[in-house]
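In what follows, a structure is listed as structure tokens, so that the remarks can point back to it.
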Amino acid sequence: MKISVVIPVKNSLQTLPECISAVKNSDYDDYEIVVVDDLSEDGSADYAREQGCRVVKSHPPHGVSAARNTGAIESRGEIIFFIDSDIIIEKDTLSKLSEIYETLSPDAVVGVQSEKLRFDNFLSQFKNLWMRFTYLNQPQYVALFYTSVASIRKDIFLEIGGFDENYNIPNVEDTDLGQKLYKAGYRIYLARELEVEHIKSYDFASIMKTDYYRARGLVKMVLRRGLKGLSEGNKTSVPSIYMLQMPAFFIAFLLLLAFIVSGNSIFLLWIIPCLILMVIANSTFLIFLGDKKSLLFVIISFFFIIIDNVSVLWGMITGWFSFFLTDNKYY
């Protein structure tokens, strides 16, 4: 079973060498590496070519979705394995992937982020563990296509039409494709044993920006699908119970504004039940963190979630208004 490892790149020379090296170090022989150059200017394509990878140019309109679609079309394998240029696979990742397809015959397979992370700062650790937690708590078959470590049978990918190329920067294009596959009746197997390291460091600005645009993207994706999409329930990686905290946060925010305007401390007292609801909504994640990190890390994480909710809520609000008041139906 030939596996085509498709890696879209755009000025990715900082992480691409380690990414390619990890694939070439695989204990599985029947594979190819297809690097899709999306208008890079830092020598990424030249480096990949020197390493023996097949390098192809992304087709217009360019962007991450078009690049992945280009790689899929140009691939020669039965299985397309999408990873990003900042992903480090394990030596046995391709072997495990092949075995899953041969024994379980799924239509697609996705993996998870490893707990392993080379960046020690709080926000990077927090985000990495959040991404790991959300996928570990999914059912065995999912409506998700996590493109940091996602594979699919080539014929199915082409039949479904690939990624929506209106997504030209990373956002929720993988969630969109996962739901499209799910609705078409295809089975996406979540392989928790497929772990990859994500060479991604976050600071405060980058994590707030990421969560803001992801919230906007998810809201617009739901609105594009209308009431029928809502009736199908939550098919994203975000736990449903986590979503329940947003009303509590919004009410707490309004109560805080009321206190600031009026000076009446009764509004502060009413914030306490909202905080309790937020602790309950995040309890499974906080317990998960407690098994990995110190109590101090867990406490800081809870208060960071409150801060991050500002970004998420603002993304949801602006996404809703932008959808109805502008022609932008994606970002």
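Go from 0 up to the bin containing the longest alpha carbon distance in the range 82-212, width 5 Å each, and give me the % of pairs per bin. With 5 Å bins starting at 0, P(r) equals 2, 10, 19, 22, 21, 14, 8, 3, 0.
Using the rule -39500 (n - 2.57) for each DSSP H run of four or more residues, divided by the residues of the chain, the 222 nm mean residue ellipticity is -17500 deg cm²/dmol.
Local charge for Tyr330 was computed over the other residues whose Cβ lies under 14 Å away, with Lys and Arg +1 and Asp and Glu -1, and equals 0.
When each of the peptides 253-266, 194-207, 59-72 is scored by how many other beta carbons lie within 10 Å of its residues on average, the order from highest to lowest is 59-72, 194-207, 253-266. Classification of the range 223-325 by its C-alpha gyration tensor yields an oblate form. The axis ratio a/c (a ≥ b ≥ c) is 1.5 or more, and b/c is at least a/b. Over the range 223-325, calculate the relative contact order: mean separation of alpha carbon pairs under 8 Å at least 6 apart, over the residue count, as a percent. Rounded, it is 27 percent for the range 223-325.
Each part reduced to its alpha carbon centroid, the range 21-97 and the range 272-331 end up 34 Å apart. Report note on the peptides 97-103, 36-42, 146-152: ranked by the mean count of other C-beta atoms within 10 Å, highest first, their order is 146-152, 36-42, 97-103. Under a model in which nothing but the beta-carbon of Lys, Arg (+1) and Asp, Glu (-1) is charged, the range 139-281 shows a dipole of about 400 debye around its Cα centre. The range 146-216 and the range 102-137 have Cα centres lying 12 Å from one another. Positive end of the dipole of the chain (Cβ unit charges, origin at the Cα centre): among Tyr202, Phe323, Gly71, the Cα lying farthest that way belongs to Phe323. Counting only whole DSSP H helices of the chain, the ones at least 18 Å long by C-alpha along their axis and with mean Kyte-Doolittle hydropathy no lower than 0.5 are 245-262, 266-281, 295-325. In the structure shown, the pairs Lys200/Lys293; Lys57/Lys220; Lys183/Lys220; Lys91/Lys200; Lys2/Lys91; Lys57/Lys183 are assessed against 24 Å; a Cα-Cα span above that value is assigned to Lys57/Lys220; Lys57/Lys183.
Each value in this text was obtained by applying a stated rule to the coordinates, not by laboratory testing. Predicted, not measured: the structure shown is a model, and the values here were computed from it. Cβ sites come from the backbone with ideal geometry, for glycine too, and all protein chains shown count toward neighbours.
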